[in-house]
Amino acid sequence: MLNCLSRQIRALPFTFTASCRLSTLPTLENIESTEIEEPPLIYGGYTNVRQAWVSNLDTTKDNSSAIIDLHPQVFGSRPRIDIIHENVVWQRKYRYVSYANTKVTAEVCMSGKKPWPQKGQGRARHGTRRSPLFKGGSVIHGPRSHKTHFYMLPFYKRVYGLTSTLSVKLIQDDLHIVKNLDLPSDDPEYIKNLVDSRLWGPSVLFIDDTDTMPRNISLALNEIKHMNLMPVYGLNVYSMLKYETLVLTVAAVKKIQERLLYQLHRPDCNYANRKFQLNQQN
Amino acid sequence: MTSFTNKNILNLLRNLPRISISNLKNNDGAVKKNQRGRAQHGGDKHGHGNKGSKARQNFMRPGYETGNNPFYMRFPREQYYKDHHTKRQYPPLSLNSLQKMIDLNRIDITKPIDLSVLCNTGLYSIKPEDKHFGVNLIDEGADMFKAKINIEVQWASESTIAAIERNGGVITTSFFDVNSLYILINPKKFFQRGEAIPRRMIPPEDAILYYSSAANRGYLADPEKISWERFVLSQKYGYKLPKIEDDPDYEMLISRKDQRQIFYGLEPGWVINLKDKVILKPIDPQLKEFYKS
């Protein structure tokens with residue numbers, strides 16, 4: 001994916017290449033060694049590069065020692081609240097199936113007998129008690145079961161939903177970046193204290209680039225209902241908003257930027273944004 | 001959205017409550033109710049007030065003369081657009097856009113350019129189902145056109161041909177039938193089907209003249225006549241015709257498709273196996289005879 005992106009960026013003319021250079025994040029090893037001497041990262045023509053502290057999880061106290069540059073198209077994009085809203089509504093609806101059901105006249109379980117004679121009673125004529133006019137009878141225009149609410153949001157609304165939400169989270173100080181998810185112990189109290197002391201949360205979502213998470217944090221968060229772990233491929237608007245604080249690892253940031261920048265600049269964007277079909281491949 | 005987000009917008013958000021699922025809202029008017037309400041859902045007067053002639057009036061359609069033969073139908077007329085839906089369409093591509101695609105490296109000019117390359121840029125597309133039969137290269141931006149290319153189009157005007165040949169390029173107009181067009185605009189989809197590449201059909205009766213004319217650089221024209229027409233055009237437009245023979249890209253510039261060929265370098269009858277990355281060629285003499293040009 002990175003190769004593909006860099007090939008495409010290389011194919012762009014010089015001026016444009018300079019303006020959308022990929023973030024070259026410092027690797028974990030050289031964060032300590034070059035934290036002072038390292039020159040600031042240059043993001044071509046962008047003047048509004050976002051920045052964040054890279055903190056740690058191995059001590060309760062925050063020992064932020066490095067600053068990470070974040071791509072403005074991903075972490076500083078225009079916060080489109082309406083697109084975030086559309087994403088949330090879509091995420092709720094596409095998996096929702098309404099099982100509400102009412103019976104039509106033929107399905108009502110009741111005697112088929114004529115309730116009273118046609119004439120001579122001084123009462124209205126009726127042929128069956130199953131009619132919607134009767135209590136316990138059928139329902140007119142009622143819900144019928146298995147109604148799916150599935151639809152697909154246009155592709156770029158989904159992409160912009162992610163960039164908008166990440167930008168909103170960053171500007172509202174609800175997005176924090178850590179070196180990795182290594183904890184010194186698997187005690188749930190440790191991570192609770194850490195979150196409390198840094199004024200995170202209370203609900204926190206930790207995101208890493210792999211889906212095999214470190215042992216300690218997995219065991220600790222297993223006990224805590226309002227904190228969760230998620231791989232980058234599970235990143236979605238609904239979860240980011242559901243949890244008050246979002247904690248990304250440096251590797252996750254790198255992967256998110258890489259994936260989203262690819263989608264924002266891919267040449268076959270018309271193909272990606274085509275109308276969704278049920279038998280659609282990829 | 002853009003990278004040039006106004007910082008004030010972001011700074012405003014800093015001082016606002018946390019955005020969460022509970023306080024999201026769509027833009028006003030974003031969800032449009034496009035149904036007329038019935039019964040208790042607004043089914044009342046529908047904008048026509050209360051009773052009377054205005055609530056009940058029904059205007060006649062314009063031109064209706066209460067049963068007389070209307071004026072607009074009384075006289076015979078020339079049907080300007082008669083049969084327009086059956087005619088071949090050639091969606092335009094300007095030389096300006098072509099130059100832009102080349103400058104942005106969407107097109108590699110060290111190789112011959114055909115419809116397949118143009119469609120793969122993602123900036124130009126044709127729909128054979130809408131009677132599109134290929135690209136019409138128009139002369140907009142002819143003065144600014146600077147690339148030396150070998151291009152195959154389906155329709156080109158004289159000034160377009162002049163603009164390309166002035167820069168030492170080569171242009172050919174060639175016809176593709178509908179089946180070949182579908183294959184050409186999305187080769188990957190065709191190769192995945194695992195079928196043999198078919199032969200390209202010859203043009204229909206009303207297109208034969210265009211594609212066999214040397215002045216149009218038709219692919220069925222005599223090459224000798226084409227080189228004469230190249231000279232004639234250079235005299236007419238007043239430029240010095242660059243010598244293709246002395247060009248370092250001579251091989252690329254003279255490469256042309258056979259009149260039965262759809263892809264450069266791939267002959268009819270071959271099967272492209274994308275999975276194993278092999279090309280299967282027919283060996284049966286009967287098949288070879290069938291696919292022969």
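Among the protein heavy atoms of the protein assembly as shown, carbon and sulfur supply 53% of the accessible surface, probe 1.4 Å, non-protein parts ignored.
Burial here means at least 30 square angstrom less accessible surface with every protein chain in place than with the chain by itself, probed at 1.4 Å; in the stretch B:110-155 the buried residues are B:G122. The calculated FRET efficiency for the pair A:H265 and B:Y239, based on their C-beta separation and a Förster distance of 35 Å, comes to about 0.35. Can you send over the solvent-accessible area of A:D82, 1.4 Å probe, protein chains only, in Å² to the nearest 10? Spelled out: A:D82, probe radius 1.4 Å, area about 10 Å². Residues whose amide H falls under 5 Å from that of A:R78, counting only those 5 or more places apart or on a different chain, are B:T2, with hydrogens built in the peptide plane. Considering only B:K111, B:K32, B:K100, the Gaussian network model of chain B with Cα springs below 10 Å gives its largest mean-square fluctuation to B:K32.
Residues whose amide H falls under 5 Å from that of A:V247, counting only those 5 or more places apart or on a different chain, are A:H176, A:L205, A:F206, A:I207, with hydrogens built in the peptide plane. Ordered from largest to smallest accessible area (heavy atoms of protein chains, 1.4 Å probe), the residues B:L12, A:L235 come out as B:L12, A:L235.
Across A:M240, B:M252, A:M152, the residue with the most accessible area heads the list, and the full order at a 1.4 Å probe is A:M152, B:M252, A:M240. Annotation for the stretch A:184-230: chymotrypsin sites (Phe, Trp or Tyr not before Pro) lying in DSSP loop with at most 12 further Cβ atoms inside 10 Å of their Cβ do not exist.
Note on the stretch A:98-148: lysine pairs with Cα distance below 18 Å, sequence gap of 8 or more or different chains, count 4. Here each label is just a point 7 Å from Cα along the line to Cβ, and for A:T212 and B:S116 those points are 4.2 nm apart. Taking θ as phi - 60° and the Karplus parameters 6.51, -1.76 and 1.60, the scalar couplings of the stretch A:105-112 work out to 3, 5, 8, 5, 8, 7, 5, x Hz in sequence order, x denoting glycine and proline. Histogrammed with a bin width of 5 Å, the alpha carbon distances of the stretch B:85-265 distribute as 1, 8, 17, 22, 22, 16, 9, 3, 1, 0 percent, first bin at zero.
Distance distribution P(r), the protein assembly as shown, all Cα-Cα pairs, bin width 20 angstrom from 0: 14, 31, 31, 20, 4, 0 percent. Accessible area per residue for the stretch B:85-265, computed on protein heavy atoms with a 1.4 Å probe, is 50 Å². In a reduced charge model with +1 at each Lys and Arg Cβ and -1 at each Asp and Glu Cβ, the stretch A:98-148 shows a dipole moment near 220 debye about its Cα centre.
Legend: mean number of C-beta atoms from other chains within 10 angstrom of residue C-beta atoms, peptide B:8-18, equals 4. Amide H contacts of A:L70 (H built 1.01 Å from N, in plane; Pro and chain starts excluded): A:R50, A:Q51, A:A52 sit under 5 Å, all sequence-distant by 5 or more or on other chains. For the stretch A:172-180, backbone phi angles converted through the Karplus equation (6.51, -1.76, 1.60; θ = phi - 60°) give residue-by-residue couplings of 8, 6, 9, 10, 10, 10, 10, 5, 7 Hz, Gly and Pro being listed as x. Computed 3J(HN,Hα) for the stretch B:27-34, one whole-Hz value per residue from the Karplus formula 6.51 cos²θ - 1.76 cosθ + 1.60 where θ = phi - 60°, is 5, 5, x, 6, 9, 9, 8, 10, glycine and proline marked x. Mean partner shielding of peptide A:83-96, defined as the number of other chain Cβ atoms within 10 Å of each residue Cβ, is 2. Average accessible surface for the stretch A:98-148: 80 Å² per residue, computed with a 1.4 Å probe over protein heavy atoms with every protein chain in place. Students often get this wrong, so check it: of B:K146/B:K277; B:K100/B:K292; A:K255/B:K32; B:K188/B:K288; B:K146/B:K257; A:K275/B:K25, which have C-alpha atoms separated by over 28 Å? Over 28 Å apart, Cα to Cα: B:K146/B:K277; B:K100/B:K292; A:K255/B:K32. Of the residues B:Q35, B:Q89, B:Q261, which exhibits the maximal mean-square fluctuation in a Gaussian network model of chain B defined by a 10 Å Cα contact cut-off? Comparing B:Q35, B:Q89, B:Q261 in the GNM, the peak value goes to B:Q35.
Using a loss threshold of 10 Å², tell me which positions in the stretch A:265-280 are less accessible in the complex than in their chain alone. Probe radius 1.4 Å, ligands and nucleic acids ignored. Flagged in the stretch A:265-280: A:P267, A:N270.
Residues of the stretch A:142-182 with backbone nitrogen within less than 12 Å of a virtual label 7 Å along the Cα-to-Cβ line of A:F276, please, listed as ranges. Hits in the stretch A:142-182 for A:F276 at 12 Å: A:149-159.
Counting, for every residue in A:67-76, the Cβ atoms of other protein chains within 10 Å of its Cβ and taking the mean gives 2. Packing order of peptides A:86-92, A:96-102, A:253-259, highest average first: A:253-259, A:86-92, A:96-102 (average count of other Cβ atoms within 10 Å over each peptide's residues).
Inter-label distance, B:S157 to B:Q79: 2.9 nm, where each label sits 7 Å from its Cα along the C-beta direction. Using the Cβ of A:D182 as centre and a radius below 12 Å, the other residues enclosed give a net charge of -1, where K and R count +1 and D and E count -1. As a test question: what accessible area, to the nearest 10 Å², does B:K243 have when a 1.4 Å probe is rolled over all protein chains in place? Around 140 Å² of this residue is reachable by solvent. Take the Cβ-Cβ distance between B:N105 and A:N222 as r, set R0 to 45 Å, and report the resulting FRET efficiency rounded to the nearest 0.05. FRET efficiency, B:N105 to A:N222: 0.35.
Taking both sides together, the accessible area buried where A meets B is about 2800 Å² for a 1.4 Å probe.
Put a plus charge on the Cβ of each Lys and Arg, a minus charge on the Cβ of each Asp and Glu, and nothing anywhere else: the dipole of the stretch B:220-293 about its Cα centre is then about 240 debye.
The values are calculated or read from the model by the stated rules, or taken from the named source; none is laboratory data. Just so we're clear, the structure is a prediction, and the values are computed from it rather than from any experiment. For neighbour counting, all protein chains shown are included, and Cβ atoms are generated from backbone atoms with ideal geometry for every residue, glycine included. Heads up: the accessible areas ignore ligands, DNA and RNA and are worked out on the full protein's heavy atoms, side chains in. Shrake-Rupley method; radii C 1.70, N 1.55, O 1.52, S 1.80 Å.
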